[in-house]
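Notes follow once the structure below has been shown.
The values are calculated or read from the model by the stated rules, or taken from the named source; none is laboratory data. Computed from a predicted structure; not experimentally measured. Glycine also receives a Cβ, built like all others from the backbone with ideal geometry; neighbour counts cover every protein chain displayed.
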Protein chains: 4
Amino acid sequence: MNTATLLISCPDQKGLSAAIANFLFTYNANIVHSDQHQDSTDDLFLMRVEWDLTDFTLDMASFAPAFQPIADRFSMKWTVALSAERPRVAIFVSKYDHCLVDLLHRHQSGELACDIPLVISNHEDCRAVTEFYGVPFHVIPVSKDNKAEAEAAQHALLQANHVDLIVLARYMQVLSHDFTAQWPQRVINIHHSFLPAFDGAKPYHRAFARGVKLIGATSHYVTEILDDGPIIEQDVQRISHREDVEDLVLKGRDLEKVVLSRAVKWHLENRVLVYANKTVIFA
Amino acid sequence: MNTATLLISCPDQKGLSAAIANFLFTYNANIVHSDQHQDSTDDLFLMRVEWDLTDFTLDMASFAPAFQPIADRFSMKWTVALSAERPRVAIFVSKYDHCLVDLLHRHQSGELACDIPLVISNHEDCRAVTEFYGVPFHVIPVSKDNKAEAEAAQHALLQANHVDLIVLARYMQVLSHDFTAQWPQRVINIHHSFLPAFDGAKPYHRAFARGVKLIGATSHYVTEILDDGPIIEQDVQRISHREDVEDLVLKGRDLEKVVLSRAVKWHLENRVLVYANKTVIFA
Amino acid sequence: MNTATLLISCPDQKGLSAAIANFLFTYNANIVHSDQHQDSTDDLFLMRVEWDLTDFTLDMASFAPAFQPIADRFSMKWTVALSAERPRVAIFVSKYDHCLVDLLHRHQSGELACDIPLVISNHEDCRAVTEFYGVPFHVIPVSKDNKAEAEAAQHALLQANHVDLIVLARYMQVLSHDFTAQWPQRVINIHHSFLPAFDGAKPYHRAFARGVKLIGATSHYVTEILDDGPIIEQDVQRISHREDVEDLVLKGRDLEKVVLSRAVKWHLENRVLVYANKTVIFA
Amino acid sequence: MNTATLLISCPDQKGLSAAIANFLFTYNANIVHSDQHQDSTDDLFLMRVEWDLTDFTLDMASFAPAFQPIADRFSMKWTVALSAERPRVAIFVSKYDHCLVDLLHRHQSGELACDIPLVISNHEDCRAVTEFYGVPFHVIPVSKDNKAEAEAAQHALLQANHVDLIVLARYMQVLSHDFTAQWPQRVINIHHSFLPAFDGAKPYHRAFARGVKLIGATSHYVTEILDDGPIIEQDVQRISHREDVEDLVLKGRDLEKVVLSRAVKWHLENRVLVYANKTVIFA
């Protein structure tokens, strides 16, 4: 189905729903999904609406000028995305390949509505499986001394490949503030704990030492503050005293894969709306 | 907050959202929650919208005649409910009191937006706790021979108390077709299995014998076919070989309480829309 | 069934299982449950074994002198408990009554193998329901100025009632170091977050502000450091953007009840073994 | 670590633990894991014990004659397995490749303690990914008319490759009774529902039609009765009205992968003990 998706956030006001619904009806939109949320705490209106473009009488090239007056009236932040324009995703990986393989296989199976023009790594390890899935693999080594140059090289590759979204699939380097500032809400990370518990290094070891009864994983947008960005998805798994740290690491992989892939899928389908360092997931 | 809630289901058509939103905006509704769903399988439009009545300029007594033309145009089934009019709930119970106590305590705590004018039982066991919570307790014994009379007596009590909803809180009698036919979508049962697995008698024993790794509970509207009505809520809990049938029964109680109370709460808040022997939960 | 339960922890060594099994077999024990765990990280052996006393030929009054030589040989820490000797539990509560009511009802239903000689509160609110369940209710007001005196009064009541275990059922006061030092591994608290996330005050508010996708509850033994003691049980529940702080508080109650009651039950059944600020749950 | 694992089931009797522990201690076994279960319903004793072979003074070739007298005394069914002897696993697959890819990747990552000498399919589709992981891929087409011949060809391949375990990774053919009779408790299937609900064909469609609130997956040993063998593992995932059948199929894949891989892993680590058409999982 050839659809458009509109994401809107603005101060809550009377008449918002009517204004949006009338606009879409004027151009004969066939709405296939619509979801809205009134956040009473922050007095916000948040909405996602997706419509079939088959009978839509407004050329999408003219959408912005046609919709902007309504957006202005209600002080909306808004974006519109077309299912026909597939986002371009770069995956960053180090040596652990489980999230990478999971994403590549889902992509091949048609689960992820995107193109993956490249994988970037600081190690050679994941080359074979990446190339098996037909994706170019680039190695850019990173050390304490060459971080700025490495990021410049990464950035050049991302630009050259017109990348829209970066997915850190257990990429073991911390991105610089400069880098993350250039990709706001466009870098998704998977952290191997139930944030905010065990942010930072070695979360499974610390979970084991603390004696928690569940381990977790968290996917979030990357911001300047480590492991602090808006959370997109989390999940947990029960553990027992019979499992040592190595068992937690293994069990955690299954969490990491599924939590990261859900976050990426929702982002690609324009189901994620960020506000107040939080997300609304219209799923 | 003094609100009205409209539940709508009808064939999906263009212009539905606009028509409803415009109607509400015409009378200056301040929408506090709105949720809609397009079921592409059955080509249905389903919606729940709740608005604050403070600034609403239409007298709710005039709502039906004002809204009916729109309803007719789109072949809607619809109901409207007012938060100011609390539904009246009768709880049926036998000897197991855990669901009853749970509901009475939640009601006292303000979790359930209803009045509970009576509890009906076929045994004396639950009288003390019911009366502790200030609710009249009626015993109507049921046997093979007096079923019709017992149901007539129950019915008379329900009528006299203007009951809107019956909650079967582990009531161990099967209601007759005549009885259930008089209360369509107004009797909520809790079944102690993950339906459709283990419908009928002794589900924990059968779950134990089958060796399942999770047990469940299911709340559903009662229909003429036993354990077959529209499912409102389900949940499960992991079990291990260390647990025997008695342990499953104990563990299951926690599932039964929470699953039944969610279903009752959602029904009372007009969050449940039934179609095609299924429910949409606007929660 | 009339049983004894032995809990053992010691450095792991060859021959441990044989020594314990032989000891029990010598006195004709009929083992009904046995569970052991080798912690390879700390090189520890941990065991729980429960046996039917019907045919046991050793008088339990003579158990300690008979077993001590084995315990000495393997440097064991050990305790033995008899199902015939029900622990005596004091529940501390403030104004929120959901955990209290849950525990009292479970106790009445036979789920908790203990006596509850008293409930202590700093408020009058929970008197009626406590007394309905036949448990004496004592009010000891607590303020900044009288904390030491209040704890002395509590302590006197606990002593007078021969209390073995204190359960903090949403008791909103922090116990002093002096107090907790007197009750090592004998005070169980319920904290309304997934520890170590959101330790301290107002966890639901902070969970809402952080935008987590799951909320949790944690039961743990109280130590001198707030919310830092050995975790006995945790569980989580998914939330959505449609739920505000008040909804989290409501939803959290169900977690708190079930997590606290599991911890208390396991403690009473001698299923909890503490080591290295962690617990092994032999359940 | 080089270990041996003993699995035992027999009528429960006094002295069992002592006899086994003494036997192992006699030969200086260093026990690394031991778990036992008394099933009071069937009056059975079930045990798994794993020990390090480093200091073990009994040649494992002599284990059976040495242990058999004890086994005879207590009427034990028992098996012993050595970590040094990796089971040989054949994977059967049709066109859906998600479980196959998951298993191959886990195997490559060292999660599964086995060799995979071959994959057998009735279609060509999964050849490339199987061969990428270095595993020979055999196509044996199956039709109504050639079923017996096809199974004979499969059987010959399994024999030639000394296969110990068959994993049906969404293999869409029903095996004949003759075939399954030859591989008792050695064929693991993944069924895409929460058994016993929705056994047989098209479980996701039927789950959707019934309006369940959770979907599930079940791994089990294959017996002569379809979807009726001993359950090894199950798990579920919450769904909402926003998901249609295709979404359930996608979501179910994640359940299928993780549930099947856990079952295979536990089988390979000798953690599964079958009795009374049920399993005990010593995990």
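Scanning region A:214-228 for residues that are surrounded by 24 or more Cβ atoms within 10 Å (Cβ to Cβ), facing chain C (nearest Cβ under 10 Å) and touching a Lys or Arg at 6+ places or on another chain (Cβ under 9 Å) yields A:Thr218, A:Ser219. Note on region B:41-67: residues that are surrounded by 14 or more Cβ atoms within 10 Å (Cβ to Cβ) and polar (S, T, N, Q) amount to 0.
Checked against the criterion of being of a type in the set (D, E, K, R), more than 14 Å from every other protein chain (Cβ to nearest Cβ) and more than 18 Å from A:Asn189 (Cβ to Cβ), region A:148-155 has at least one qualifying residue. Going by what's in this entry, would D:Pro141 be described as out of contact with any strand residue (DSSP E or B) (no Cβ under 7 Å at 6 or more places or on another chain), part of a loop (DSSP other than H, G, I, E, B) and under 26 Å from D:Val272 (Cα atoms)? Considered against the rule, which asks whether it is out of contact with any strand residue (DSSP E or B) (no Cβ under 7 Å at 6 or more places or on another chain), part of a loop (DSSP other than H, G, I, E, B) and under 26 Å from D:Val272 (Cα atoms), D:Pro141 comes out as no. If you go through region A:235-255 one residue at a time, do you hit one that is touching a Cys at 6+ places or on another chain (Cβ under 6 Å) and within 30 Å of A:Ile8 (Cβ to Cβ)? The answer is no, given that none of the residues of region A:235-255 is touching a Cys at 6+ places or on another chain (Cβ under 6 Å) and within 30 Å of A:Ile8 (Cβ to Cβ). Which of the residues belonging to region A:229-277 are of a type in the set (D, E, K, R), buried (at least 19 other Cβ atoms within 10 Å of the Cβ) and either touching an Asp or Glu at 6+ places or on another chain (Cβ under 8 Å) or within 13 Å of chain C (Cβ to nearest Cβ) (or both)? Correct list: A:Glu233, A:Asp235, A:Lys257, A:Arg262, A:Lys265, A:Arg271. Of the residues making up region B:133-169, those that are surrounded by 15 or more Cβ atoms within 10 Å (Cβ to Cβ), over 17 Å from B:Arg106 (Cα atoms) and of a type outside the set (Val, Ile, Thr) are B:Phe137, B:His138, B:Lys147, B:Ala150, B:Glu151, B:Ala153, B:Gln154, B:His155, B:Leu157, B:Leu158, B:Asn161, B:Asp164. Kindly evaluate A:Phe179 against the criterion of being over 13 Å from the mean Cα position of the chain (by Cα) and either among the small types (Gly, Ala, Ser) or away from chain C (no Cβ under 13 Å) (or both). Yes; evaluated as a whole, the condition is true for this residue. Residues of region D:187-213 that are within 22 Å of the chain's Cα centre (by Cα) and within 12 Å of chain B (Cβ to nearest Cβ): D:Ser193, D:Phe194, D:Leu195, D:Pro196, D:Ala197, D:Phe198, D:Asp199, D:Pro203.
Selection of region D:87-108 for residues being farther than 15 Å from D:Arg186 by Cβ and either of a type outside the set (A, V, I, L, M) or part of a loop (DSSP other than H, G, I, E, B) (or both) yields D:Ser94, D:Lys95, D:Tyr96, D:Asp97, D:His98, D:Cys99, D:Asp102, D:His105, D:Arg106, D:His107, D:Gln108. Take D:Val264 and tell me if it is touching a strand residue (DSSP E or B) at 6+ places or on another chain (Cβ under 7 Å) and closer than 14 Å to B:Val212 by Cβ. The answer is no for D:Val264. Tell me, which residue of region B:157-177 that is touching a residue at least 60 places away in the same chain (Cβ under 8 Å) and in a helix (DSSP H, G or I) is nearest to B:Glu233 (Cα to Cα)? Going through the qualifying residues, I end up with B:Leu158.
Being in contact with an Asp or Glu (Cβ under 9 Å, 6 or more places away or on another chain), within 13 Å of chain D (Cβ to nearest Cβ), more than 30 Å from C:Arg127 (Cβ to Cβ) and polar (S, T, N, Q) holds for only one residue in C:Asn2, C:Asn30, and it is C:Asn30. Evaluation of C:Thr41 against the conditions (1) assigned to a strand (DSSP E or B); (2) more than 11 Å from chain D (Cβ to nearest Cβ); (3) of a type in the set (Val, Ile, Thr) shows that the sole unmet condition is (1). Cβ-Cβ distances below 6 Å connect the following pairs, each with a first residue in region C:247-258 that is in contact (Cβ under 8 Å) with a residue 60 or more places away in the chain and assigned by TED's automatic domain parsing to the domain that holds C:Leu100, a second residue that is among the aliphatic types (A, V, I, L, M) and surrounded by 18 or more Cβ atoms within 10 Å (Cβ to Cβ), and a separation of six or more residues or different chains: C:Gly252/C:Ile215; C:Leu255/C:Ala217; C:Glu256/C:Ile190; C:Glu256/C:Ala217. Taking region B:77-118 as the range and being buried (at least 16 other Cβ atoms within 10 Å of the Cβ) and among the β-branched types (Val, Ile, Thr) as the test, the residues that pass are B:Val89, B:Ile91, B:Val93, B:Val101, B:Ile116. Applying the criterion of being touching a Pro at 6+ places or on another chain (Cβ under 6 Å) and without any contact (Cβ under 8 Å) to a residue 60 or more places away in the chain to the residues of region D:94-137, the residue that is farthest from A:Arg127 (Cα to Cα) is D:Asn122. Is it fair to say C:Gln154 is touching a residue at least 24 places away in the same chain (Cβ under 8 Å), farther than 21 Å from C:Ile232 by Cβ and assigned to a helix (DSSP H, G or I)? Considered against the rule, which asks whether it is touching a residue at least 24 places away in the same chain (Cβ under 8 Å), farther than 21 Å from C:Ile232 by Cβ and assigned to a helix (DSSP H, G or I), C:Gln154 comes out as yes. Given the conditions (1) surrounded by fewer than 21 Cβ atoms within 10 Å (Cβ to Cβ); (2) within 14 Å of chain B (Cβ to nearest Cβ); (3) among the hydroxyl-bearing types (Ser, Thr, Tyr), and given that C:Thr130 satisfies all but one, which numbered condition is not satisfied? With respect to (1) surrounded by fewer than 21 Cβ atoms within 10 Å (Cβ to Cβ); (2) within 14 Å of chain B (Cβ to nearest Cβ); (3) among the hydroxyl-bearing types (Ser, Thr, Tyr), C:Thr130 is out only on (1).
Whenever a residue of region B:18-36 is in contact (Cβ under 8 Å) with a residue 12 or more places away in the chain, its partners that are surrounded by 18 or more Cβ atoms within 10 Å (Cβ to Cβ) and among the β-branched types (Val, Ile, Thr), lying with C-beta atoms within less than 6 angstrom and at least six residues away or across chains, give the pairs B:Ser34/B:Val49. The residues of region D:52-81 that are in a strand (DSSP E or B) and more than 22 Å from the chain's Cα centre (by Cα) amount to a single one, D:Asp52. The set of residues from region B:170-190 being of a type in the set (D, E, K, R) and either closer than 22 Å to B:Lys95 by Cα or exposed (fewer than 14 other Cβ atoms within 10 Å of the Cβ) (or both) comprises B:Arg170, B:Asp178.
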